[in-house]
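Novice: Please see the structure below; I have some questions.
The values are calculated or read from the model by the stated rules, or taken from the named source; none is laboratory data. Values in this document were obtained by computation on a predicted structure and should not be read as measured data. Neighbour counts are summed over all protein chains in view; Cβ atoms, including those assigned to glycine, are modelled from backbone coordinates with ideal geometry.
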Amino acid sequence: MGTREQRLAAIRKSFPDEALVAEVPGGDLQTFRVDRKVLVDLARHLKDDPDLDFKLLLDVCGVDYPERAERFESVYHLSSLTHGHRIRLKVPMPADAPVVPSVYPVWRSADWFEREAFDLMGILFSGHPNLKRILCHPAFQGHALRKDYDPGQRWLLREGEQDEPVWARAVQEDEDHFETQVLNLGPSHPASHGTLRTVVRLDGEVITQAETEIGYLHRCFEKMAESHTWNQVIPYTDRLNYCSSMMNGVGYALAVEKLLGVEAPPRAQSIRIILSELSRVMDHIVDIGANLNDIGAMTPFLYMYEAREELYTVLEACCGSRLTMSYVRVGGVSHDVPADFGEGVRFILKRVPQLVADMERLITENRIFRQRTEGVGKLSSEDAIDWGWTGPCLRACGVPFDVRKSYPYMGYDQLDFKVPIAHGGDTFARYLVRVEEIKQSLRIVEQALEAMPPGPIIISDHNVALPAKEKVYTEMESLIWHFKLVMEGMKVPAGEVYGFTEAANGELGYYIVSDGSGKPYRIKVRPPCFAIFQAYPHMLKGHMIPDAVAILGSLNVIAGELDR
Amino acid sequence: MKREDATRQLLPTVVPGVREVGAAERQPDGSQIFLTTRWEKLLDAARKNSLWPFPFGTACCAIEFMSVVMSHYDLARFGAEVVRFSPRQSDLLIVAGTVTDKMAPVLVRIYEQMAEPKYVISMGACACTGGFYRAYHVVQGIDEFIPVDVYVPGCPPTPEALLRGVVRLQEMIGSGETQYQRNVAAQKAAASVGE
Ligand code: SF4
């Protein structure tokens, strides 16, 4: 991991002009303000220079500052897997010409992220091959995340106005293509996992072209976050990846805590770790089960779901809710765990491995399963990084990148666990990685449970956390704190932060901008499966429809997180 | 086939006046078994006990719907386990999850594709009212677009709540309260006024 100076020097080699590339002092990440004229050249340099080696573009997003002369800002987060360092680029642009060159030619992962910034913020990415709306429907007017857009303003979409890829309308009927046809999968399709739509062109049975359409579950998380106080955002985060809601809340709370400069007490951290890892188990269980179900193996899903019900029991005992937990608070968690928490978790530690073993005996060596998945949906590690993959899907391509190991948080470095990888890069490899991750997560839970310290579960700083209820009833000062926090919300110092954690699907990032008021100014979520899913249509070529179903299941695309 | 003939086939022995009741169907005290009902009632009884749900699962609520179908809560106990993903094969539309403006035309199309009689359960706060997404891309309750019979509250509703919703729908079918049945009744009434 080089220092800021080394990175700056490596950039100055080719970009000596301060006016074009300027370093912004301070901040959680090294930040550069870049003139849009040199953006693409700089991007190339960042990617290709071996001292910098930013192969992974994590996120592109737009921010709107109506009172500034240069109203819009397009923000890029980059990471280098070899050096482990990260930087942020900011490209300002004026309100009357919000145009910036597309970095898609450099990193393919920019594809959907740029389309999203265009859709929601109205930033034009010149040179992007397919710049059209991605989350909002085609009849939508305006750009929803601009500050002057009314959050409640809806536009109706009528039947027949839906989007269709241009190529799907063209007829292909020559000698070589007498059997081609266009097939529409989804958005309501048994294997479409909620609300995904894929349009494919088939030649015989083989897919020759594909395009996916998302946004059917775009619930405006980012706009909603701007009109709620910091803690009120937590229930919304639960509904991002709803298969493992705890981890979204943890990631968000950590990011806000980073901005506040506080840290949750050790007991809260270890509760967070235990429940996060249990959530990871839950998520993988549903994913594996649903994937197997889609390719015709119903029984393992029933085994896996039993495990999930056991996990629900423990979660429900902690916070009263099975699925959408809302258990995390900025600065800790909302309640202490119940007295029989340890017992419940120890039961899970015994029971879940049995169920996983049952499933493994049925599936891992099963010939039909192997034939359906081996070599299907193969992606090389270079391509995976280029598309912005993280998490189990990237590890199945042989890249041992895990945020818990590379950038430990909440004390993951104190725990002994391995990061499983596989080399196939195919659907089967993704299955293997997930199964092994379930086992590793249970190991983490076991250790964290043994080491769980007593003590408070939320910080005592009453600028952030509510005082205890008994005190509110008996002490004047606590009552005032309570009143202020409830009525105004906590005040988070102005600034920006990119907080990232390892969620079930990969790196879940929150880019948060605060203006010092009681509500977030801008929250951009970097959803792991957004980057993963954009590679999907490209992976389909040459496969058949049943393979498409198998691949989709193995990517674990969760619509809530994908569309937000 | 005339309606009487159909009844005769369905119930060869218990409908009085249709055929002599044999000795085997006599009660121990020698009296005969009678069961009289209306044709519609009989159909409703059959329908309510074999609902075929179409899960229109879009979001988090769909995960809880899965829990309801799985062995722990087991929707099969209520005769509604035959989950079908084709609207042509199902008569109960369970909308589980947030419906966005982009999704609304799809929902309407699927509802229209279902054969009658059809019933709708709206599962979860989002499907009922838009939930806490008072936002630019979210339908504020699916009853903007399609008629709903049972609203199940919760975010997500517990599996027990959804089961209660299914049972409530069965009761409603039994007593002719669903939107579909009321529409049919209203049409009949209008037709008889016209005569
Ligand atoms: S009601 Fe709640 S749980 Fe259900 S879809 Fe809406 S947000 Fe998700």
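Novice: Which of the residues belonging to the range A:318-357 are within 14 Å of another protein chain (Cβ to nearest Cβ) and outside any loop (DSSP other than H, G, I, E, B)?
Specialist: Taking the range A:318-357 first, the residues within 14 Å of another protein chain (Cβ to nearest Cβ) are A:319-326, A:351, A:355.
A:CYS319, A:ARG351, A:LEU355 - these are the residues of the range A:318-357 that are within 14 Å of another protein chain (Cβ to nearest Cβ) and outside any loop (DSSP other than H, G, I, E, B).
Novice: Based on this model, can you work out whether A:GLU309 counts as within 16 Å of the ligand (Cβ to nearest atom) and free of Cβ contacts under 8 Å to residues at least 12 places away in the same chain? Step through it out loud before you land on a result.
Specialist: Details: within 16 Å of the ligand (Cβ to nearest atom): no; free of Cβ contacts under 8 Å to residues at least 12 places away in the same chain: yes.
Here the answer is no, as A:GLU309 does not meet what is asked.
Novice: Of these, A:LEU56, A:LEU42, which one is in contact with a Leu (Cβ under 8 Å, 6 or more places away or on another chain), buried (at least 22 other Cβ atoms within 10 Å of the Cβ), more than 18 Å from A:VAL24 (Cα to Cα) and in contact (Cβ under 8 Å) with a residue 40 or more places away in the chain? Reasoning before the result, please.
Specialist: Numbers: A:LEU42 fails: more than 18 Å from A:VAL24 (Cα to Cα).
Of A:LEU56, A:LEU42, the one residue that is in contact with a Leu (Cβ under 8 Å, 6 or more places away or on another chain), buried (at least 22 other Cβ atoms within 10 Å of the Cβ), more than 18 Å from A:VAL24 (Cα to Cα) and in contact (Cβ under 8 Å) with a residue 40 or more places away in the chain is A:LEU56.
Novice: A further question follows. Which one is nearest to the other protein chains (Cβ to nearest Cβ) among residues in the range B:118-149 that are closer than 30 Å to B:ALA46 by Cα and aromatic (Phe, Trp, Tyr)?
Specialist: The selected residue is B:PHE145.
Novice: Can you name the strands (runs of 3 or more DSSP E) wholly within the range B:49-153 that have at least 1 residues being under 20 Å from A:ALA559 (Cβ atoms) and more than 16 Å from the ligand (Cβ to nearest atom)?
Specialist: Here the list reads B:53-57.
Novice: Moving on to the next point. Residues that are touching a strand residue (DSSP E or B) at 6+ places or on another chain (Cβ under 7 Å), at least 2 per element: which helices (runs of 4 or more DSSP H) completely within the range A:359-450 meet that?
Specialist: Numbers: elements: A:367-373, A:381-386, A:391-395, A:403-406, A:427-450.
Output list reads A:391-395, A:403-406.
Novice: Another question about this same structure. Which of the residues belonging to the range A:11-44 are aliphatic (A, V, I, L, M) and under 26 Å from A:GLY495 (Cβ atoms)?
Specialist: Restricting attention to the range A:11-44, the residues satisfying the condition of being aliphatic (A, V, I, L, M) are A:11, A:19-22, A:24, A:29, A:34, A:38-40, A:42-43.
Hits for the range A:11-44 are A:ILE11, A:ALA19, A:LEU20, A:VAL21, A:ALA22, A:VAL24, A:LEU29, A:VAL34, A:LEU39, A:LEU42, A:ALA43.
Novice: Of the residues in the range B:107-131, how many are in contact (Cβ under 8 Å) with a residue 60 or more places away in the chain and in contact with a Cys (Cβ under 8 Å, 6 or more places away or on another chain)?
Specialist: Looking only at that region, the number is 4.
Novice: Related question: Among the residues in the range A:86-101, are any assigned to a loop (DSSP other than H, G, I, E, B), under 25 Å from A:ASP48 (Cα atoms) and more than 14 Å from chain B (Cβ to nearest Cβ)? I'd like the intermediate steps shown before the answer.
Specialist: Our first condition is that a residue be assigned to a loop (DSSP other than H, G, I, E, B); within the range A:86-101, this holds for A:94-98.
Checking which are under 25 Å from A:ASP48 (Cα atoms) leaves us with none.
Scanning the range A:86-101 turns up no residue that is assigned to a loop (DSSP other than H, G, I, E, B), under 25 Å from A:ASP48 (Cα atoms) and more than 14 Å from chain B (Cβ to nearest Cβ).
Novice: Please verify whether the range A:295-311 includes one or more residues that are in contact with a strand residue (DSSP E or B) (Cβ under 9 Å, 6 or more places away or on another chain), within 14 Å of chain B (Cβ to nearest Cβ) and among the polar types (S, T, N, Q).
Specialist: Here is the first cut: in the range A:295-311, the residues in contact with a strand residue (DSSP E or B) (Cβ under 9 Å, 6 or more places away or on another chain) are none.
Looking through the range A:295-311, none of the residues is in contact with a strand residue (DSSP E or B) (Cβ under 9 Å, 6 or more places away or on another chain), within 14 Å of chain B (Cβ to nearest Cβ) and among the polar types (S, T, N, Q).
Novice: Being exposed (fewer than 13 other Cβ atoms within 10 Å of the Cβ), facing another protein chain (nearest Cβ under 8 Å) and more than 22 Å from A:ALA97 (Cβ to Cβ), is that true of even one residue in the range A:133-149? Steps first, answer last, please.
Specialist: The first filter runs over the range A:133-149 and keeps only residues exposed (fewer than 13 other Cβ atoms within 10 Å of the Cβ), leaving A:141, A:148.
Filter again for facing another protein chain (nearest Cβ under 8 Å), leaving none.
No, the range A:133-149 has no match at all.
Novice: Quick check on the range A:146-190: of everything there that is assigned to a loop (DSSP other than H, G, I, E, B) and polar (S, T, N, Q), which residue is modelled with the lowest pLDDT?
Specialist: Applying the first criterion (assigned to a loop (DSSP other than H, G, I, E, B)) to the range A:146-190 yields A:146-165, A:170-174, A:178-179, A:186-190.
Remaining after also requiring polar (S, T, N, Q): A:153, A:162, A:172, A:188.
On the way: A:GLN153: 83, A:GLN162: 75, A:GLN172: 65, A:SER188: 80.
Filtering first and then ranking leaves A:GLN172.
Novice: Can you pull out every residue in the range A:314-359 that is within 16 Å of the ligand (Cβ to nearest atom) and either free of Cβ contacts under 8 Å to residues at least 60 places away in the same chain or among the β-branched types (Val, Ile, Thr) (or both)?
Specialist: Keep residues of the range A:314-359 that are within 16 Å of the ligand (Cβ to nearest atom), which gives A:315-316, A:319-327.
A:GLU316, A:CYS319, A:GLY320, A:SER321, A:ARG322, A:THR324 - these are the residues of the range A:314-359 that are within 16 Å of the ligand (Cβ to nearest atom) and either free of Cβ contacts under 8 Å to residues at least 60 places away in the same chain or among the β-branched types (Val, Ile, Thr) (or both).
Novice: Please work out which one of (1) of a type outside the set (Asp, Glu); (2) within 17 Å of A:SER279 (Cβ to Cβ); (3) out of contact with any His (no Cβ under 8 Å at 6 or more places or on another chain) is the condition A:PHE369 fails and give its number.
Specialist: Checking A:PHE369 against (1) of a type outside the set (Asp, Glu); (2) within 17 Å of A:SER279 (Cβ to Cβ); (3) out of contact with any His (no Cβ under 8 Å at 6 or more places or on another chain), the one that fails is (2).
Novice: Can you tell me which condition B:LEU92 does not meet? The list is (1) more than 13 Å from every other protein chain (Cβ to nearest Cβ); (2) without any contact (Cβ under 8 Å) to a residue 24 or more places away in the chain, and all the others hold.
Specialist: Of (1) more than 13 Å from every other protein chain (Cβ to nearest Cβ); (2) without any contact (Cβ under 8 Å) to a residue 24 or more places away in the chain, only one is false for B:LEU92: (2).
Here's the yes/no breakdown for (1) closer than 25 Å to A:SER334 by Cα; (2) of a type in the set (S, T, N, Q); (3) buried (at least 22 other Cβ atoms within 10 Å of the Cβ):
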| residue | (1), (2), (3) |
| --- | --- |
| A:VAL403 | no, no, no |
| A:PHE428 | no, no, yes |
| A:VAL486 | yes, no, no |
| A:GLY495 | no, no, no |
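Novice: Looking at B:VAL184, is it surrounded by fewer than 16 Cβ atoms within 10 Å (Cβ to Cβ), outside any loop (DSSP other than H, G, I, E, B) and more than 16 Å from the ligand (Cβ to nearest atom)? Outline the logic, then answer.
Specialist: On the way: surrounded by fewer than 16 Cβ atoms within 10 Å (Cβ to Cβ): yes; outside any loop (DSSP other than H, G, I, E, B): yes; more than 16 Å from the ligand (Cβ to nearest atom): yes.
Yes; evaluated as a whole, the condition is true for this residue.
Novice: Go over the candidates A:TYR242, A:TYR216, A:TYR236 one by one and state the one that is within 12 Å of chain B (Cβ to nearest Cβ), hydroxyl-bearing (Ser, Thr, Tyr) and in contact with a Lys or Arg (Cβ under 8 Å, 6 or more places away or on another chain). Before you say what the answer is, go through the steps one by one.
Specialist: Details: A:TYR242 fails: in contact with a Lys or Arg (Cβ under 8 Å, 6 or more places away or on another chain); A:TYR236 fails: in contact with a Lys or Arg (Cβ under 8 Å, 6 or more places away or on another chain).
Of the residues listed, the single one that is within 12 Å of chain B (Cβ to nearest Cβ), hydroxyl-bearing (Ser, Thr, Tyr) and in contact with a Lys or Arg (Cβ under 8 Å, 6 or more places away or on another chain) is A:TYR216.
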